[in-house]
Amino acid sequence: MPQEFQLNVNGASRRAYVEPDAPLLYILRNDFELSGPRFGCGLSQCGACTVLIEGKAARSCVTPVVSVGAAKITTLEGLGSKDKLHPLQKAFIGEQAAQCGFCTNGMIMTAKALLDKTPRPTEHQIRKALAANFCRCGTHNRIVRAIQRASREA
């Protein structure tokens, strides 16, 4: 039976009337019209749906809305704006790290969680953090360079 949920998304209080086991991804995309998190596999295996929940990378495709509570949710849209891009967004553009762009949300959100915890990660730490994020276009080297660039410029 649908219930009302009050969520903290990108610093704003948002309401959704949905089933408690509805995946957070569906609410973010369908109810709140946020297009950053993507549906990739629906099994928490590709990373396209990654968001930050209390600063930690989480796969929204397998996160039931009832489990979120009052936690702070940040999507790609919450990192920067058209007028003021986040350093990771600038670095991804500067390094041309996106080809088709489908994985970009997951890569940036995972990188954000990494840089918040480890501001100057090694290449090995970056690759390890991104290991469960898939890019079928093969732009991993540019993605790693973008994260390195963002860590230097932050």
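Here are some notes:
- Contact order, relative form, for segment 79-153: 45 percent (alpha carbon pairs under 8 Å, 6 or more residues apart, mean separation divided by residue count).
- Between residue 14 and residue 54, the contour length at 0.36 nm per residue exceeds the Cα-Cα span by 12.8 nm.
- Of 122, 49, 68, farthest towards positive along the dipole that unit charges on Lys, Arg, Asp, Glu beta carbons give the chain: 122
- Length available on full extension from residue 116 to residue 100: 0.36 nm per residue minus the Cα-Cα distance, which gives 3.1 nm.
- Relative to the current alpha-carbon distance between residue 127 and residue 90, full extension at 0.36 nm per residue lengthens the span by 11.4 nm.
- With both labels modelled 7 Å from their Cα along Cα-to-Cβ, the residue 62 to residue 1 distance reads 3.0 nm.
- Relative contact order computed over the chain (Cα-Cα under 8 Å; 6+ residues apart), in percent: 23
- In this Cβ point-charge picture (+1 for Lys and Arg, -1 for Asp and Glu), the chain has a dipole of about 660 debye about its Cα centre.
- Cα→Cβ-extended label distance, 7 Å offset, between residue 136 and residue 43, nm: 1.4
- Relative packing of 93-104, 1-12, which averages over residues the other C-beta atoms within 10 Å, highest first: 93-104, 1-12
- Neighbours of residue 80, meaning other residues whose beta-carbon lies under 11 angstrom from its beta-carbon, give a summed charge of +2 when Lys and Arg score +1 and Asp and Glu score -1.
- Cβ crowding within 10 Å averaged over residues, with 129-138, 16-25 ranked highest first: 16-25, 129-138
- Where the chain is the region considered: accessible area per residue in Å², 1.4 Å probe: 54
- The dipole here belongs to segment 79-153: it is taken about the Cα centre, uses +1 on the Cβ of Lys and Arg and -1 on the Cβ of Asp and Glu, and is about 60 debye.
The values are calculated or read from the model by the stated rules, or taken from the named source; none is laboratory data. Computed from a predicted model, the values in this text were never measured in an experiment. Cβ coordinates were reconstructed from backbone atoms using ideal geometry, including for glycine residues, and neighbour counts include every protein chain displayed. Just so you know, the surface numbers come from the protein's heavy atoms only, side chains and all, with ligands and any DNA or RNA stripped out. Shrake-Rupley method; radii C 1.70, N 1.55, O 1.52, S 1.80 Å.
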